[in-house]
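*Asks:* There's a structure below that I have some questions on.
The values are calculated or read from the model by the stated rules, or taken from the named source; none is laboratory data. Nothing here was measured: the structure is a model prediction, and the numbers come from that model. No Cβ is skipped: glycine too gets one built from the backbone with ideal geometry, and neighbour counts run over all protein chains shown. Remember, those area values only see protein heavy atoms, side chains included, never the ligands or the DNA or RNA. Shrake-Rupley method; radii C 1.70, N 1.55, O 1.52, S 1.80 Å.
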Amino acid sequence: MNYGEELDLAKRLARESGEILLELRSSDLKVTRKNDARRTLVSTADEEVSKFLSAELQREFPDYKILDEEQAQHPAWVNAEKCWVIDPLDNTKGYLQGDEHFSVLIGLLHNQQPVLGVTYRPIADELTYSMGDGFYIEQGEGPELARVNSSSELHVLVSGSQQNEELDDILRKLNPDSVRRISGSIKTIEVALGRATAFICPISFEMHHWDYCAPIANLEAAGGRASYLDGSPYDFGQLETVNRRGFLATNGVVHETV
């Protein structure tokens, strides 16, 4: 199927959301914590962009469901024929602390499969997107086709804000050529852009559907591979949005090794 209209809308909304985030960053933001296991931070910036995105997506595609990190969730929506999966502000903690690695994530599921992904990093003005077999980056100029790095070396990305024994054990066993710590779900996009060959999220770190949908669509379009940590395919049909099985995103070459 052709998702050209959806892609054009998602690209425009990602950039406009980024502008909102940059404007709000200098304001007096209200910050609270959610009632989830990690007591995740949420700010008025998250909420404002969430309202904006949900309203625009609903207006343009009223028949599509929306799974939004900041909205009341209906888990069965992921099993609708078409469902937007969005994170209005990925890496809220970093955004509040002045980190550059915060982003807007907009993905589209068709029958539980990610078919379109748009990610936008406002500080770098870096827009990445995919549809079908193509993965593209726009940064100041027109779109450029991007692919994963075909190296067999292990250049690993891990969380910049979380460390624990399980992750340390994985890294000891792998003995990677390099390890870099970055906050946020943009690590999967870094692999898609060829800036690393693997992103590893251990089982003990909780992530959600909205952390994966757009990044997986982009990674796979770039020639990479994504799975749970045991190698089995990620399942967007699971009604519980939280993932407790770990996550692995690679260039495909090193996937079985990890």
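*Asks:* If I stretch the segment between residue 113 and residue 151 completely, what's the gain in nm (0.36 nm per residue apart, minus their alpha carbon distance), one decimal?
*Replies:* Values: separation 38, 0.36 × 38 = 13.68 nm, distance 2.75 nm.
Here the answer is 10.9 nm.
*Asks:* Using only the Cα atoms of segment 87-153, construct the convex hull and provide its projected area averaged over every direction, in square nanometres to one decimal. Please list the in-between numbers first.
*Replies:* Details: hull surface 25.3 nm².
Taking the Cα atoms of segment 87-153, their convex hull projects to 6.3 nm² on average.
*Asks:* Another question about this same structure. List every residue whose amide H lies under 5 Å from the amide H of residue 247, counting only residues 5 or more places away in sequence or on a different chain, with H placed 1.01 Å from N in the peptide plane.
*Replies:* 201, 229
*Asks:* Could you list which residues have their amide H under 5 Å from that of residue 160, counting only those 5 or more apart in sequence or on another chain, with H placed in the peptide plane?
*Replies:* Amide H neighbours of residue 160: 182, 183, 184.
*Asks:* Just name one of 29, 227, 13: the one whose Cα is farthest towards the positive end of the charge dipole of the chain (beta-carbon charges, Lys/Arg +1, Asp/Glu -1).
*Replies:* Checked the options; the winner is 227.
*Asks:* Here's something else I'd like to know. Give the Debye-formula value of log10 I(q)/I(0) at each listed q (0.13, 0.16, 0.19 Å⁻¹), with one equal scatterer per alpha carbon of segment 166-258, two decimals each.
*Replies:* Computed log10 I(q)/I(0) values: -0.38, -0.59, -0.85.
*Asks:* Further, regarding this structure: Under a point-charge model restricted to the Cβ atoms of Lys and Arg (+1) and Asp and Glu (-1), what is the dipole moment magnitude of the chain relative to its Cα centre, in debye to the nearest 20?
*Replies:* Details: 25 positive and 42 negative charges, 109 e Å.
Approximately 520 debye in magnitude.
*Asks:* Using a ≥ b ≥ c from the Cα gyration tensor of segment 1-151 (square roots of the eigenvalues), is it rounded, prolate or oblate, where a/c under 1.5 gives rounded and otherwise the larger of a/b and b/c decides, a/b for prolate?
*Replies:* The shape class here is oblate.
*Asks:* Using the Karplus curve 6.51 cos²θ - 1.76 cosθ + 1.60 with θ = phi - 60°, what ³J(HN,Hα) values do you get for each residue of segment 228-239, in whole Hz, with x for Gly and Pro?
*Replies:* 5, 5, 7, x, 6, x, 5, 10, 7, x, 5, 6
*Asks:* Given a Förster radius of 51 Å and the C-beta distance between residue 172 and residue 71 as r, what FRET efficiency does 1/(1 + (r/R0)^6) yield to the nearest 0.05? All intermediate terms of the calculation are to be shown ahead of the outcome.
*Replies:* Numbers: r = 40 Å, r/R0 = 0.79.
Efficiency computed from Cβ-Cβ geometry: 0.80.
*Asks:* For residue 187, which lysines qualify as cross-link partners when the Cα separation must be under 18 Å and same-chain residues fewer than eight apart are set aside?
*Replies:* 93
*Asks:* Let me ask something else about it. State the percentage of accessible surface on segment 120-258 attributable to carbon and sulfur atoms; use a 1.4 Å probe and exclude ligands, DNA and RNA. Show your work: numbers first, answer last.
*Replies:* On the way: 2490 of 5700 Å².
Carbon and sulfur atoms account for 44 percent of the accessible area of segment 120-258.
*Asks:* Still on this structure, please answer the following. How much mean residue ellipticity at 222 nm does the chain get from its helices, if each DSSP H run of length 4 or more adds -39500 (n - 2.57) and you divide by all residues, to the nearest 500 deg cm²/dmol? Mind showing how you got there, number by number?
*Replies:* On the way: 6 runs with 74 residues, N = 258.
Helices in the chain give a 222 nm mean residue ellipticity of -9000 deg cm²/dmol.
*Asks:* Relative contact order for the chain using alpha-carbon pairs under 8 Å, separation at least 6, rounded to a whole percent?
*Replies:* Details: 567 pairs, mean separation 43.5, N = 258.
Computed over the chain, the figure is 17 percent.
*Asks:* Under a Cβ-Cβ cut-off of 10 Å, what is the net charge of the residues other than residue 250 that fall near it, where Lys and Arg count +1 and Asp and Glu count -1? List each step's numbers first, then the result.
*Replies:* Numbers: positive: 225; negative: 256.
Here the charged neighbours net out to 0.
*Asks:* Starting from the 7 Å offset along Cα-to-Cβ, what nm value, one decimal, do you get for the label separation of residue 97 and residue 244?
*Replies:* Using points 7 Å along Cα→Cβ, the separation is 2.6 nm.
*Asks:* Pop the C-beta distance of residue 206 and residue 179 into the FRET formula with R0 = 22 Å and round what comes out to the nearest 0.05. The partial results should precede the final answer.
*Replies:* On the way: r = 21 Å, r/R0 = 0.97.
After rounding, the FRET efficiency stands at 0.55.
*Asks:* With r as the distance between the Cβ atoms of residue 123 and residue 82 and R0 = 41 Å, compute the FRET efficiency 1/(1 + (r/R0)^6) and round to 0.05. Write down the numbers at each step before the final one.
*Replies:* Numbers: r = 31 Å, r/R0 = 0.76.
After rounding, the FRET efficiency stands at 0.85.
*Asks:* Still on this structure, please answer the following. Sort all Cα-Cα distances of the chain into consecutive 10 angstrom bins from zero, then give the percent of pairs in each bin up to the one containing the longest distance.
*Replies:* Histogram of Cα-Cα distances, whole percents per bin: 7, 33, 39, 19, 2.
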